[in-house]
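The values are calculated or read from the model by the stated rules, or taken from the named source; none is laboratory data. It should be emphasised that the depicted structure is a prediction, and the values quoted were computed from it without experimental measurement. Heads up, the Cβs are rebuilt from the backbone with ideal geometry, glycines too, and the neighbour counts pull from every protein chain shown. Areas reflect the complete protein model, heavy atoms only, side chains present, ligands, DNA and RNA absent. Shrake-Rupley method; radii C 1.70, N 1.55, O 1.52, S 1.80 Å.
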Amino acid sequence: DADIAMYRAKQQGKGIMLFDAHMHQELVESLSLEMDLREVLERDGLLLFYQPIVSVAEERLEGFEALVRWNHPLRGMIPPDRFIPLAEETGLIIDLGKWVISEACRSLKLWQEIYPKAAQLTMNVNVSIRQFATPGLVEHISEVLQLNKLAPACLKIEVTESVIMQDKAHVVGELNRLRALGVQIAIDDFGTGYSSLSYLQNMPIDHLKIDRSFISGFQESQENDQIVRSIISLARSLGLSVIAEGVETRGQLEKLRALQCDKAQGFMFSRPVDEKKAREIIGTSQLSI
Ligand code: C2E
Ligand code: MG
Ligand code: MG
Ligand code: MG
């Protein structure tokens, strides 16, 4: 019995050691990733990609969503879902977020200068909770708009429901200040969060982006059709425009057209592309006025 107990203890010990080793490895990994992220930010080495947003009715180009990319020398492309949370935890999101806003506005200004027809093009930028929690976000956005002589209505700030709900009074206050500048607000990944639809009523928002999961579910279930239909009619009644995320097939687009969704974004039109490629897309696109 003593042997068995000893054996068990050893096994348990091993288990704990393995667990520890794993934890340790994860910690080292995220620390090294944090150091690398700090370094890449300092030397201005992140990339900003742009994904077209298109009107559903006429398939005209309306604008782009800016999406950050990190091409790591050893690890290759690291997706934002991997490093944005890290940037949030470490506070690096403040510098990262400022860079994204500046870079996105700089590109938009460049395109508007090259193509007079691009005067109405818009730029969507994602902003996360820590950026709202830190003073200076609205001031930074206002400065960048002035510096680039951009019409504030060209800029759309994307926030998720969870960002709003984490510190509702404060975030709503900041959204109101942004709207007072003329900047527009979009709710990102709509439908995945609190889904208490009534809270939308008094929100300072202009657009709803329907989460990709509902669009990709189009083929599979009538239920998803119903959800999308309800979101669109809700948006209508609140005077908001609706953008469908993750549109990959013509079939999905046709359904959205039948439901009178305003705009769409997804691989069917284009993956996120670099600045040069975005410029080419603008040059060859029909643009909405
Ligand atoms: P998001 O804001 O919801 O962005 C849309 C994501 O869906 C992007 O992923 C885009 O590449 C992807 N996507 C677009 N169309 C399709 C499609 O047809 N099919 C599929 N399967 N995917 C599609 P990405 O670029 O990997 O970004 C992931 C998330 O990372 C974003 O989700 C956003 O929450 C966050 N993120 C990206 N850039 C930034 C940034 O500059 N700042 C902040 N705070 N977050 C960012
Ligand atoms: Mg987004
Ligand atoms: Mg989204
Ligand atoms: Mg998302």
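Under a 5 Å amide H cut-off, with hydrogens placed 1.01 Å from N, LEU67 pairs with PHE49, TYR50, GLN51 among residues at least 5 apart or on other chains.
Of the accessible area of the chain, computed with a 1.4 Å probe over protein heavy atoms only, carbon and sulfur atoms account for 53 percent. Per residue, the accessible area of segment 122-276 comes to 45 Å², computed with a 1.4 Å probe over protein heavy atoms only.
Distance between the pseudo-spin-label points of ALA21 and GLU248 (7 Å out from Cα toward the beta carbon): 3.8 nm. With contributions of -39500 (n - 2.57) from each DSSP H run of at least four residues, the per-residue ellipticity at 222 nm computed over the chain stands at -17000 deg cm²/dmol. Fully extending the segment from GLU34 to LEU147 would add 37.6 nm, taking 0.36 nm per residue of separation and subtracting the current Cα-Cα distance. Charge tally for ALA244 (other residues, Cβ to Cβ under 11 Å; Lys, Arg +1; Asp, Glu -1): +1.
Which angle between 0 and 90 degrees, to the nearest 10, do you get for helix 2-42 versus the longest principal axis of the chain when only C-alpha atoms count? For 2-42 against the chain, the angle is about 40 degrees.
Legend: calculated FRET efficiency, ALA258 to SER162, from the Cβ-Cβ distance at R0 = 30 Å, rounded to 0.05, equals 0.45.
Which of ALA186, ALA104, ALA57 ends up with the largest GNM mean-square fluctuation for the chain, with Cα atoms connected below 10 Å? So, out of ALA186, ALA104, ALA57, the one fluctuating most is ALA57. Within the straight-line cut-off of under 14 Å between alpha carbons, the aspartates and glutamates reachable from LYS98 are GLU42, ASP44, GLU88, GLU139, GLU143, sequence neighbours fewer than 8 places apart in one chain being disregarded.
Model label sites at SER241 and ASP225, defined 7 Å from Cα along the beta-carbon direction, differ in position by 2.7 nm.
Relative to the longest principal axis of the C-alpha atoms of the chain, give the angle of the C-alpha long axis of helix 80-90, reported between 0 and 90° and rounded to the nearest 10°. The helix 80-90 is inclined about 70 degrees to the chain. Applied to segment 230-241, the Karplus parametrisation 6.51 cos²θ - 1.76 cosθ + 1.60 on θ = phi - 60° returns per-residue 3J(HN,Hα) values of 5, 4, 5, 6, 4, 4, 3, 5, 9, x, 9, 8 Hz, with x for Gly and Pro. Pairs exceeding a 21 Å alpha-carbon distance, out of LYS168/LYS209; LYS117/LYS156; LYS255/LYS277; LYS117/LYS255; LYS117/LYS263; LYS117/LYS277: LYS255/LYS277; LYS117/LYS255.
With the chain treated as a Gaussian network of Cα nodes joined by springs under 10 Å, which of ILE215, ILE94, ILE114 yields the largest mean-square fluctuation? Between ILE215, ILE94, ILE114, it is ILE114 that shows the largest mean-square fluctuation.
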